[in-house]
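Please treat every number below as a calculation from the coordinates, not as lab data. This is a predicted model, so every value here is computed, not measured. Every residue, glycine among them, receives a Cβ derived from its backbone with ideal geometry; neighbour counts consider all protein chains shown.
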Amino acid sequence: MTKLMGNTYKLGNSITNNYKKDGVVKLSSFFDRKEINSCLEQYEKIYMQEDRGAEIYRDEPLVVLWTHVQGANKKTCTLKELSTFESLIETRLVPFLIDFTQICYPNIHHPRLQLLETIVFNKPPQISNTLNWHQDVAYFPLNPNNQLAVWFPLADVTSEMGPMVYAHGSHQLGIKGSTNLHTREPFEGENRDLIPENPAEAGLMVKEYEMTQEDLLIHDGYTWHYSKPNVSNAKNRMGVSVRFIIEEARFDPRPGQGAAFTKQIEVNPGDLIKSPCFPIYWEK
Ligand SMILES: O=C(O)CCC(=O)C(=O)O
């Protein structure tokens, strides 16, 4: 297991209580701008490489570089290549999430923080789409399916630049169907209820989160969320999602669910998700 450093951000009751109630919480001034700017610089160098493809790495974690425009190709790099991200995960996020997870999920039998996925979502100005309402767990055939995600921007995000929007309390409403994130079309074979088109009309509090480079969002894998298009004039909106499995999980395929991780590991129904591609940073 990786050697973890401490994190000085204070975990107060209001953070964990709000998270448990809403399924999402924003931590203001979690990061230092300098550390996020180093991530931004490294990301931009890799993202701009013209010959960068979408290689699948089978023995180490990868990062997906996704441009949020319908039809755009995804690129990938290894987490090692984005060493500033790796360091942020190991020294800033995981140490904080160890206590956070234990307080917010007291009933999980064997809590852990296992890296599932890292994605940078880039929304170029004017041409990026809405990424429709979804729930992370719906896309992962895992049993049990307990996850949390952190999201942070590489540059400040205003309301015009494509902020994240959440339906508070939706994490308590169970598993929903998976759909194409651009079109809302359900995946083939999907038979679960879908997230309603307008969760506010269904009585949920819907809130958008403007963010600075210093802020961090944490959301439960069941919480419904979407991101608005970037309608600003000049700037890209880059958001980093890091997803963690928080309880030992097995592969449990079902219709309608893609399994991105089957590209990285050979996995049969009932197998544990166990691979250097998905390192366990901490377990109890
Ligand atoms: O960054 C975005 O626009 C979307 C991120 C997201 O929906 C996710 O991480 O699940």
Subtracting the Cα-Cα distance of residue 51 and residue 103 from 0.36 nm times their residue separation yields 14.3 nm
Pseudo-spin-label distance residue 32 to residue 233, built 7 Å along Cα→Cβ, given in nm, is 3.4 nm
Rounded to the nearest 0.05, FRET efficiency between residue 74 and residue 13 (Cβ-Cβ, R0 30 Å) equals 0.15
At 4 °C in a medium of viscosity 1.567 mPa s, the range 18-268 has a Stokes-Einstein diffusion coefficient, with Rh taken as the Kirkwood radius over alpha carbon pairs, in µm² per second, of 70 µm²/s
Those GluC sites (Glu not before Pro) from the range 32-99 that are DSSP loop and have at most 11 other Cβ neighbours within 10 Å turn out to be 50, 55
With only helices counted (DSSP H, runs n ≥ 4, each -39500 (n - 2.57)), the per-residue ellipticity at 222 nm for the chain, to the nearest 500, works out to -4500 deg cm²/dmol
Highest GNM mean-square fluctuation among 211, 161, 48, for the chain with Cα springs under 10 Å, belongs to 48
Out of 205, 232, 277 - ranked by how far each Cα lies towards the positive end of the dipole of the range 204-279, with unit charges on the beta-carbon of charged residues - the top one is 232
Across 157, 165, 120, the residue with the highest GNM fluctuation in the chain (Cα network, 10 Å cutoff) is 165
Straight-line reach check, residue 176, cutoff 23 Å on alpha carbons, 8 or more apart in-chain or any other chain, hits among lysines -> 20, 21, 207, 228
Those chymotrypsin sites (Phe, Trp or Tyr not before Pro) from the range 134-242 that are DSSP loop and have at most 15 other Cβ neighbours within 10 Å turn out to be 187
For residue 159 and residue 262, extending 7 Å from Cα along the Cα-Cβ vector and measuring point to point gives, in nm, a value of 4.3 nm
Where a ≥ b ≥ c are root eigenvalues of the Cα gyration tensor, a/c under 1.5 meaning rounded, otherwise prolate if a/b exceeds b/c and oblate otherwise, the range 234-284 counts as oblate
Among 252, 215, 271, the residue with the largest mean-square fluctuation in a Gaussian network model of the chain built from Cα contacts under 10 Å is 271
